[in-house]
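**Student:** Below: one structure in structure tokens.
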Amino acid sequence: MRKRKFQSLKRRKLTQALGGQVRLSKLRRRYGSLFPLIMGLVTLLIVFFGGIYAYMEIEGWSYLDSFYMVLIALSTVGFEEVHPLSESGMILTSVLILLGVGNFAFLVGSFTQILVEGRLQTVWGRLRVQKTIDKLSNHIIVCGYGRIGSIAVNEIQREGIPVVAVEKDPELMAKMEEDDILFIAGDATDDEVLTKAGIDRAKALITAVSQEAANVYVSLTARQMSPDLYIVARADHEKHIPRLERAGADRVMLPHMLGGLRMAQSVLQPTVTSFLELTLSRSEMQLNMEELQITERSDFKGKTLVESKLRQRFNIIVISIKKACGDLIFNPEADTVLEEGDILVIVGGKENLRDLWEII
């Protein structure tokens, strides 16, 4: 029985030690180059207030006297003692002087290392980026800046929508810095990283990490952290789609399948494919395909297509309407009523679409 209790106590201590190491590792990753400096300051504060408490207990001094004594001991300015010291007080003062000198030397060394290695500019740069991200709302988060993620980020930026990338590869992070892309350095499966990316204020998340297990975990975590978030996930095989959908993804994409279909359609229906590519891309052609959602404040709410006069006022063609209930109406009739929550798929000139967005 005693042996069993000893083993249980040993396991508990081991678990606590491992938990402490994990928390320390997370803090080190979070603060990066500033971690040694922060730890030095924390240690110095512990020594300072610990010294005050020790003087009050050992010598029986007041708080102010103890505070002053610790201050002159750690700063090593050489003033006289506040009161005559006992032997225990002399030992305490000696320990405080050694700890203070050691701490100051460590802080100076850490700060010098940051300056010499040029990390200070990087640290301040990351802080500025984080402040910018903290001000964003209704932005899009892209996890993974590889072949798929980089294309997604560039396309979203081209639309003028704020985007935040999450990446842990140093080479890709350097490329994003060159391209002036807002990003968070870290693992997308980490809750703290997603929080720093502003997941609570984002309107959508794309997880395009190369490891599919990571995409499942990101989808699951993101859904728990933000139930209303629209999540698009990357999959490598068709049989993995249900797994990602169960994890919380609203839509799952197969990049290789989409690429294969696009290539096949380019051969089978080249004109149709070229037209779609022109309307969906940001080419010089003055024609675009867009989505228009009918909101509560929209002027078109409660009107029919004829009454809205979209064709007459903006020379826009309504291809389809996705009703709020999920039904999709292709080539809608003129008497189709536009209701709140409906999404219109429209085609029109860039200038006409710009004029339309200005009144919405």
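The values are calculated or read from the model by the stated rules, or taken from the named source; none is laboratory data. Everything numeric in this text was worked out from a predicted model, so none of it was measured. Note: ideal-geometry Cβ built from the backbone for every residue, glycine included; neighbour counts use all protein chains shown.
The rows are residues; the columns are (1) on the phi > 0 side of the Ramachandran plot; (2) free of Cβ contacts under 8 Å to residues at least 60 places away in the same chain; (3) of a type in the set (F, W, Y).
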| residue | (1), (2), (3) |
| --- | --- |
| I140 | no, no, no |
| G144 | yes, no, no |
| A152 | no, yes, no |
| E155 | no, yes, no |
| K175 | no, yes, no |
| D180 | yes, yes, no |
| D187 | no, yes, no |
| E192 | no, no, no |
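**Student:** Out of (1) touching a helix residue (DSSP H, G or I) at 6+ places or on another chain (Cβ under 7 Å); (2) assigned to a loop (DSSP other than H, G, I, E, B); (3) at pLDDT below 85, the odd one out for E284 is which?
**Tutor:** Just one mismatch for E284, condition (1).
**Student:** Okay, next question. Would you be able to tell me the number of residues in segment 325-339 that are in contact with a strand residue (DSSP E or B) (Cβ under 9 Å, 6 or more places away or on another chain) and surrounded by 13 or more Cβ atoms within 10 Å (Cβ to Cβ)?
**Tutor:** Number satisfying all stated conditions: 5.
**Student:** Given the conditions (1) among the β-branched types (V, I, T); (2) more than 15 Å from the chain's Cα centre (by Cα); (3) under 18 Å from G149 (Cα atoms), and given that I181 satisfies all but one, which numbered condition is not satisfied?
**Tutor:** With respect to (1) among the β-branched types (V, I, T); (2) more than 15 Å from the chain's Cα centre (by Cα); (3) under 18 Å from G149 (Cα atoms), I181 is out only on (2).
**Student:** Would you kindly identify the helices (runs of 4 or more DSSP H) lying entirely within segment 1-81 that contain at least 1 residues that are at pLDDT below 65, under 25 Å from the mean Cα position of the chain (by Cα) and under 30 Å from D190 (Cα atoms)?
**Tutor:** 2-31
**Student:** Please enumerate the residues belonging to segment 147-182 that are among the small types (G, A, S) and either surrounded by 15 or more Cβ atoms within 10 Å (Cβ to Cβ) or not assigned by TED's automatic domain parsing to the domain that holds A197 (or both).
**Tutor:** Scanning segment 147-182 gives G149, S150, A152, A165.
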